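Only the coordinates and a few stated rules stand behind these numbers; no lab work does. Since this is a predicted model, take the numbers as computed values, not measurements. Reconstructed Cβ throughout: ideal geometry from the backbone, glycine too, with neighbour counts over all protein chains shown.
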Amino acid sequence: NLVLEVAKKEYDLDVVLGAAGTAYEAAKAIAEADVPVLLGSPLVISTSDGPVNVFGEFRTAGCRVLLRTSVGAEAASLPTVMAHAVTRGVGSGEILRALTSDMVDVMHLENMGELVPGNDADLTLFDGPPFYPGSEVVGVMIQGDWVYLDRRYRKLASASEDKE
């Protein structure tokens, strides 16, 4: 806790605690220091006392939780990891905020993180609730262009483009 206080108060640094999954036992102190926590996979861990919802422990303590993935296999498994967390009690809305607007806020980025007029936005469309088992990606839009669109939705997208 002293290190966090010195970094924030003495040096006026924006501190984010990275790879903090095993620090959930200190979540109250981390929340009191007002330090965001950056978590990767897994969000639910097994301990000798049973499974621990790490995301939930930090959120319950009052921490701002951010989510990250590495490139490659970990990034490709993000939907599966998030679906697992949802089935263990992490709300999908919390996961979306941790991946988008909360991350943007902590990183002091502008014009992204929320779907509002004037913001940059890349979109991923699901055929069901995001991060629930069985939901599949049906569309991906990057910088306003569909880079992937499931064949079932192509007619709808072209009809909407015709109206413009």
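Values for this structure:
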{"read-out": "Alpha carbon centroid spacing (whole Å) that separates segment 127-156 from segment 18-58", "value": "31 Å"}
{"read-out": "Spin-label pair Trp146/Asp122, simplified geometry with 7 Å Cα→Cβ offset, distance in nm", "value": "1.9 nm"}
